[in-house]
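Trainee: Dumping the structure here so I can ask a few things about it.
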Amino acid sequence: MTEPVRKASQREQARAILIVGALALRAAASCDAAVAEAPPLPPPRPADLIPAPEPKPALQPPAPAAPGAAAPTCLSRLVAEGAHAEAAPAPAPAGEGCKVETPIRLSSVTLADGDLVKLTGEPLLDCGFALVVADYVRLIVAPLGEAMLRAKITAIETGPGYECRSRDHIAGEKISAHAKGLALDIFAVDFADRRRVAVERQGGVDEQSYFRAMRSAACGWFTTVLGPGADAFHANHMHLDIESHGPSGSYRICE
Ligand SMILES: [Zn+2]
């Protein structure tokens, strides 16, 4: 350190002692040291070298409630978060493996601004799965629709949720997530300006972009997303479920 600089530093310290005392001076000195030792920031990386973002939404989906979670607790949380839902009688066991742990019927979801989005099929779902669906509607489907198509969403055309059947209705296949109330099929999204964005085919470029965006976002929200192009069974709807795949349960199917 040069002589003038050292003197200046001493004067600074003496002034600080007079003002805030020895303790505050020590804190300030250590802070200055940290700033002095901080390495310079690297130059910003060129745009074409920045890796593509992960294909998942910024908002993390909620962890699904464990199947069998106490019905009143899950249902009261679902209702408290703005969903219109009610406990439903357990469906009659129509086949092996068909069972909904905590059956509820989900009829609509309240958005942040208080507007309602109806689920036309009033699907019968496991309550833990309904929490995930309600958040997907509230945080993705509705705000994305309003932002991209400049109109409010009024309804989502859905299937019935629960169905006691094998996958893709194929005899001998594994039991479907629908048979546990852990799956929902979406056929279309209805807007306040009377526009209808069908999963099967969208009317214009904006509608196509909107559907692509909500479909991609679903892949971060659910563990299985199957839609048009995946196979013949999903040509006219988007199937969403939260079944775990693979040995670790972290594998996702997004087609
Ligand atoms: Zn389905």
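The values are calculated or read from the model by the stated rules, or taken from the named source; none is laboratory data. All values reported here derive from a predicted model rather than from experimental measurement. When we count neighbours, we look across all protein chains shown, and the Cβ atoms used for this are built from the backbone with ideal geometry, even at glycine.
Trainee: Please work out which residue is nearest to G121 (Cα to Cα), limiting yourself to region 183-228 and to residues that are within 16 Å of the ligand (Cβ to nearest atom) and of a type in the set (V, I, T).
Mentor: Taking the candidates together, the pick is I186.
Trainee: Given the criteria out of contact with any Ser or Thr (no Cβ under 7 Å at 6 or more places or on another chain), within 15 Å of the ligand (Cβ to nearest atom) and of a type in the set (K, R), does K180 qualify?
Mentor: yes
Trainee: Give just the number: which of (1) under 21 Å from A85 (Cβ atoms); (2) outside any strand (DSSP E or B); (3) touching a strand residue (DSSP E or B) at 6+ places or on another chain (Cβ under 7 Å) does A179 not satisfy?
Mentor: For A179, the exception is condition (3).
Trainee: Can you pull out the residues in region 241-255 that are touching a strand residue (DSSP E or B) at 6+ places or on another chain (Cβ under 9 Å) and among the small types (G, A, S)?
Mentor: Result: S244, single match.
Trainee: Of the residues A130, A147, A155, only one is more than 13 Å from the ligand (Cβ to nearest atom), more than 20 Å from S216 (Cβ to Cβ) and surrounded by fewer than 18 Cβ atoms within 10 Å (Cβ to Cβ); which?
Mentor: Details: A130 fails: surrounded by fewer than 18 Cβ atoms within 10 Å (Cβ to Cβ); A147 fails: more than 20 Å from S216 (Cβ to Cβ).
Going through A130, A147, A155 in turn, just one is more than 13 Å from the ligand (Cβ to nearest atom), more than 20 Å from S216 (Cβ to Cβ) and surrounded by fewer than 18 Cβ atoms within 10 Å (Cβ to Cβ): A155.
Trainee: Then there's this: Does region 163-171 include one or more residues that are assigned to a strand (DSSP E or B), more than 11 Å from the ligand (Cβ to nearest atom), surrounded by fewer than 19 Cβ atoms within 10 Å (Cβ to Cβ) and among the β-branched types (V, I, T)? Quick ask: steps written out before the conclusion?
Mentor: As a first pass, look at region 163-171 and keep what is assigned to a strand (DSSP E or B): 166.
Checking the rest, the ones that are also more than 11 Å from the ligand (Cβ to nearest atom) come to 166.
The next check asks that each one be surrounded by fewer than 19 Cβ atoms within 10 Å (Cβ to Cβ); those that pass are 166.
After this cut, where a residue has to be among the β-branched types (V, I, T) as well, the list is none.
Looking through region 163-171, none of the residues is assigned to a strand (DSSP E or B), more than 11 Å from the ligand (Cβ to nearest atom), surrounded by fewer than 19 Cβ atoms within 10 Å (Cβ to Cβ) and among the β-branched types (V, I, T).
Per-residue answers, yes or no, for (1) crowded, with 21+ Cβ neighbours inside 10 Å; (2) closer than 18 Å to M148 by Cβ; (3) of a type in the set (A, V, I, L, M):
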position: S216; (1), (2), (3): no, yes, no
position: G220; (1), (2), (3): no, yes, no
position: V225; (1), (2), (3): yes, no, yes
position: A232; (1), (2), (3): no, no, yes
position: H237; (1), (2), (3): yes, no, no
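Trainee: Go through (1) under 19 Å from the mean Cα position of the chain (by Cα); (2) under 14 Å from S107 (Cα atoms) and name the single condition G121 misses.
Mentor: Condition (1) is where G121 drops out.
Trainee: When you check E146 against the structure, is it under 21 Å from Y210 (Cβ atoms) and either among the aliphatic types (A, V, I, L, M) or at pLDDT 95 or above (or both), yes or no? Let's see the steps before the verdict.
Mentor: On the way: under 21 Å from Y210 (Cβ atoms): yes; either among the aliphatic types (A, V, I, L, M) or at pLDDT 95 or above (or both): yes.
The answer is yes for E146.
Trainee: What pairs come out if I take residues in region 229-240 that are near the ligand (Cβ under 8 Å from one of its atoms) and pair them with residues that are of a type in the set (V, I, T) whose C-beta lies under 8 Å away, six or more apart or interchain?
Mentor: Between residues of region 229-240 that are near the ligand (Cβ under 8 Å from one of its atoms) and residues that are of a type in the set (V, I, T), the close pairs are H237/I186; H237/V199; H239/T224; H239/V225; L240/V133; L240/I186; L240/T224; L240/V225.
Trainee: Let me ask another. Examine region 201-209 for a residue that is at pLDDT 95 or above, surrounded by 21 or more Cβ atoms within 10 Å (Cβ to Cβ) and in contact with a strand residue (DSSP E or B) (Cβ under 6 Å, 6 or more places away or on another chain), and state whether such a residue exists.
Mentor: Among the residues of region 201-209, not one is at pLDDT 95 or above, surrounded by 21 or more Cβ atoms within 10 Å (Cβ to Cβ) and in contact with a strand residue (DSSP E or B) (Cβ under 6 Å, 6 or more places away or on another chain), which makes the answer no.
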